[in-house]
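What follows is calculated from the coordinates using simple rules that are stated; it is not laboratory data. None of the values given here were measured: they were computed from a predicted structure. Positions of Cβ are backbone-derived with ideal geometry, glycine not excepted, and every protein chain shown enters the neighbour counts.
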Amino acid sequence: MLIIKPIQDKSYQEEVCNQCGFKYEPLSFAYSEKENEKLIAACQFDILGSNGTISDFGMVKGVEEDIEALIILGRAVLNFMELSGVETCTFDSPSVDAPKYSKMLGFTDKKICLKGLFDGKCNHNCK
C-alpha cells in the first residue's frame, strides 16, 4: 500500500532528502511516499503566494523507478498546492530525470496551471 504524507519534522525531511539525493532546504515543504513502510520517493517544493515550485522530485537512491507511484506523489503535491491557492507551478528540479518527470505530471515548458485542475473545471486544452 502506498502512503503519501507531508513531512512535518525537519530532521526527517533532511534524512529523506539525503536518501533521495536532494539538497535539503529547511524552508521548503516536503512529502514522502512509502510502500509497505519503506520510503520509496519524495518531493520538496515551495509556495509563494499564487506560485509554486517543485524543486526536487524522485525516487530514493537505489529504489527501482516506479512511474505510477511517482505520478500519484506528484498529483498529491499539486493538489495540496492548488488547495493552498497556488495557480501556477513550475518544475525546477536539477535532476537528470526532471524533463521526464515534469512531462508525466502534465507540465509544459516547466509550468502547469493548477486553476480548476482538480475540480473538473479545468481551463486548459485537456483534450
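Listing for the model above:
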{"read-out": "In sequence order, calculated HN-Hα J values of the range 76-89 (Karplus, 6.51, -1.76, 1.60; Hz; x Gly/Pro)", "value": "5, 5, 5, 5, 4, 4, 4, 5, 8, x, 6, 9, 10, 10"}
{"read-out": "Neighbour net charge for Cys17 - beta-carbon separation under 9 angstrom, K R +1, D E -1", "value": "-3"}
{"read-out": "Under Karplus coefficients 6.51, -1.76 and 1.60, residue-wise ³J(HN,Hα) of the range 101-116 in Hz, glycine/proline x", "value": "5, 5, 5, 5, 8, x, 6, 10, 6, 6, 10, 8, 8, 9, 4, x"}
{"read-out": "Residues of the range 41-55 with amide N under 13 Å of the 7 Å Cα→Cβ point at Lys115", "value": "50-51"}
{"read-out": "Exposed-loop-free span, longest in the chain, where GluC sites (Glu not before Pro) count as exposed if DSSP calls them loop and at most 10 other C-beta atoms lie within 10 Å", "value": "65-127"}
{"read-out": "Derived scalar couplings ³J(HN,Hα) [the range 17-25; Karplus, 6.51 cos²θ - 1.76 cosθ + 1.60; whole Hz; x for Gly, Pro]", "value": "4, 4, 5, 8, x, 8, 7, 5, 10"}
{"read-out": "Debye-sum result for the range 32-127 in log10 I(q)/I(0), which assumes one identical scatterer on each alpha carbon, at q = 0.16 Å⁻¹", "value": "-0.64"}
{"read-out": "Antiparallel bridges, percent of DSSP beta bridges restricted to the chain (to nearest 5)", "value": "85"}
{"read-out": "Net charge contributed by nearby residues that have their C-beta within less than 12 Å of Ile40 (K/R +1, D/E -1)", "value": "-4"}
{"read-out": "Dipole magnitude of the chain, debye to nearest 20 (Cβ charges: Lys/Arg +1, Asp/Glu -1, about Cα centre)", "value": "400"}
{"read-out": "Under 5 Å, built H, 5+ apart or other chain: amide partners of Ile40", "value": "Glu33, Lys34, Glu35"}
